[in-house]
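Report on one structure; see the data block that follows.
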């Protein structure tokens, strides 16, 4: 009887059965009127400006909607810490975050989106299309292979301010759709 | 060892089954475990010899990536070291290299990065000769089993245990040649300076591993000057290139060949003085950086600025601290060719002792707390 060949991944030790499968999204509001919008910038170049521009558009287009938190993740490679998620939960009704524009930050942006949903906050994650595979790999890892996020064309970091504003205009309707009942979940 | 490698082929020992070996190798490929090259299939008896060589608890957790919810244990590291082609006695070196890398940006998003950084592993002390690590000609490889398989084991741990695989969670834009194959022994015998591990504060004569992550590397070929300043000037020019310089400051290093190191030492330079000389001169003027669109700063990231003041010299190294400029000595004493290395992030500067419970030269020092 030959020896068995050992598995080098240790995946069996992770007991996938014990890990949560399937993400229940936070309940969607019918619209953004009167809601508090949170922006979480992941420090990638142009992320702060893109989020701010989208925030402005949402505030202008939805009565009494306003941006109440615009904070920055301490580490773009890691998911947002619990205290930061907690702050958004206390001070916002919906969150927009990104931009997934690198190897680790795209994956962790999706992880953040899932954390926000689990905290009861509808979230819109914006990720560059060049990193969609790694973003989806993270969603699968978190037991939410069908997690929806917003994909925007790569690259974002080289856009000038005017181009970022244009990009924000194009993305704003997608953000609204994902954050509200129009998401059709 | 060299004699054995060159002796006439004696024919395979009786009882080996190449067909079974090939089938087992193909099985490993089919599971997605391979980095592209054949793997040595791991069995429990073989893994047990690795674990015995290290004398550590198989369940000890030695790495953790919270964003991926995955942990590396000594047992999983041993299985991957088997796959990589290590011998059992190399395994303590793999563990020391892994621990040294845990002090680098490898604990964050480094392995997933678009930069595709490569570990640089430097081995010091008696373990070099006892296990047959190459410190001389062709120090960057290939050709030597311990130098080739120890870094490969690191790469397989990242691939298999963390699940960071190319095109998935690994997003290297191009990667870099030798990503999982840069492990060199310091040429202590021909170095004019103390071993790298001694510089890190470990006792002389101890076996230890230093490691960091490289962005890329490029050699300086300068074999016709006898002037230390001219030689260092050549290094300053190469180190100061803008290509891989993306943040306000960048850390670098030089793996000097014995000839260059001896020339510098002969002119009175020790490591500290080499660093001081280079820290002052590695960099570019704002005008030069402006031509590459890297003269300005947004936070700590370089981007196009206004090009002013044009003549201002921007240093690449934030200081002459050793963490900003790793200096080691390796290679043959046959030409003036040394490797400039560019670090992915700051270097911890630490050296981790190789703990070998069964080795005659075992150290009694415990691992530093991380």
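None of the figures in this text is laboratory data; all of them are computed from the coordinates on show. Just so it is clear, the model here is predicted, and its values are computed rather than measured. Backbone-built Cβ (ideal geometry, glycine too); neighbour counts: all protein chains shown.
Could you work out the Kirkwood radius for the protein assembly as shown, taking every pair of different alpha carbons, averaging 1/r and inverting it, reported in Å?
On the way: mean 1/r = 0.0390 Å⁻¹.
Answer for the protein assembly as shown: a Kirkwood hydrodynamic radius of 25.7 Å.
Specify whether the C-alpha gyration tensor of the range B:147-230 places it in the rounded, prolate or oblate class, a ≥ b ≥ c being the square roots of the eigenvalues: rounded for a/c under 1.5, otherwise prolate if a/b is larger than b/c and oblate if not. Mind showing how you got there, number by number?
Working: a/c = 3.06, a/b = 1.52, b/c = 2.01.
The shape class here is oblate.
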**Prompt:** Projected area of chain B, taken from the Cα convex hull and averaged over every viewing direction, in nm²?
**Reply:** 20.5 nm²
**Asked** Between the helical axis of B:271-281 and the dominant principal axis of chain B, each derived from Cα atoms, what acute angle in degrees is found, rounded to the nearest 10?
**Response** 50 degrees
**Asked** Roughly speaking, what % of Cα-Cα pairs in the range A:8-105 are separated by over 16 Å, rounded to a whole number?
**Response** 65 percent
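Before anything else, pin down the relative contact order of the range B:211-333: Cα pairs under 8 Å, at least 6 apart, normalised by residue count, whole percent.
Values: 183 pairs, mean separation 40.7, N = 123.
Rounded, it is 33 percent for the range B:211-333.
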**Asked** Percent relative contact order of the range A:35-74, based on C-alpha pairs within less than 8 angstrom and at least six residues apart?
**Response** 59 percent
**Prompt:** Among B:316, A:40, A:138, A:1, what is the fewest-to-most ranking by other Cβ atoms within 10 Å?
**Reply:** A:1, B:316, A:40, A:138
**Asked** Running Debye on the range A:117-185 with equal point scatterers at the Cα sites and no solvent, what base-10 log of I(q)/I(0) appears at q = 0.11, 0.23, 0.24 Å⁻¹?
**Response** -0.31, -1.11, -1.15
**Item:** Where labels lie 7 Å past Cα in the beta-carbon direction, separation of residue A:12 and residue B:332 in nm
**Value:** 4.8 nm
**Asked** What is the ratio of the Cα radius of gyration of the range B:122-279 to 2.2 N^0.38 Å, where N is its residue count, to two decimals?
**Response** 1.14
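How fast does the range A:45-85 diffuse by Stokes-Einstein, in µm²/s, taking the Kirkwood radius from C-alpha pairs at 37 °C and 0.692 mPa s? All intermediate terms of the calculation are to be shown ahead of the outcome.
On the way: Rh = 11.8 Å.
So the translational diffusion coefficient is about 278 µm²/s.
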**Asked** Roughly how crowded by other chains is peptide B:56-68, in terms of the mean Cβ count from those chains within 10 Å of each of its Cβ atoms?
**Response** 2
**Prompt:** In whole Å, what three semi-axes, largest first, describe the equivalent ellipsoid of the range B:240-336 built from its Cα gyration tensor (square root of 5 times each eigenvalue)?
**Reply:** 30, 12, 12
**Request:** When a/c is below 1.5 the answer is rounded, else prolate if a/b is larger than b/c, else oblate, so apply that to the range B:130-177 with a ≥ b ≥ c taken from the square roots of the Cα gyration tensor eigenvalues.
**Result:** oblate
**Message:** Which three numbers, in whole Å and largest first, are the semi-axes of the equivalent ellipsoid of the range B:3-109 derived from its Cα gyration tensor as √(5λ)?
**Reply:** 30, 17, 14
**Item:** FRET efficiency, 1/(1 + (r/R0)^6) with R0 25 Å, evaluated for residue B:270 and residue B:237 via beta carbons
**Value:** 0.65
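Gain in length, residue B:310 to residue B:64, computed as 0.36 nm per residue apart minus the alpha-carbon separation, to one decimal in nm? Don't skip to the end; give the middle numbers.
Working: separation 246, 0.36 × 246 = 88.56 nm, distance 4.58 nm.
Full extension of this stretch gives 84.0 nm more.
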**Item:** In degrees, nearest ten, helix B:91-101 long axis to first principal axis of chain B (Cα)
**Value:** 30 degrees
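Using the alpha carbons of the range B:268-307, what is the convex hull volume per residue in cubic angstrom, as a whole number? Spell out each step's value before the answer.
Details: hull volume 3.1 nm³, N = 40.
Roughly 77 Å³ of hull volume per residue.
Cβ neighbours within 10 Å, averaged per peptide: list B:111-123, B:330-342, B:70-82, B:234-246 in order, most packed at the top. Spell out each step's value before the answer.
Values: B:111-123: 26.3, B:330-342: 20.2, B:70-82: 24.7, B:234-246: 18.5.
Final packing ranking: B:111-123, B:70-82, B:330-342, B:234-246.
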**Request:** Give the Debye-formula value of log10 I(q)/I(0) at each listed q (0.10, 0.13, 0.15, 0.18 Å⁻¹), with one equal scatterer per alpha carbon of the range B:66-165, two decimals each.
**Result:** -0.27, -0.45, -0.60, -0.85
**Item:** Peptide A:100-109, shielding by other chains (average Cβ, 10 Å cutoff)
**Value:** 6
**Fill in**
So the angle from the long Cα axis of helix A:47-61 to the longest Cα principal axis of chain A, reported in degrees to the nearest 10, equals 50 degrees
**Prompt:** How big is the range A:35-185 by the Kirkwood estimate over distinct Cα pairs, in Å?
**Reply:** 14.9 Å
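Calculate the mean, over all residues of peptide B:98-108, of how many other protein chain Cβ atoms lie within 10 angstrom of the residue's Cβ.
Partner Cβ neighbours, averaged per residue: 1.
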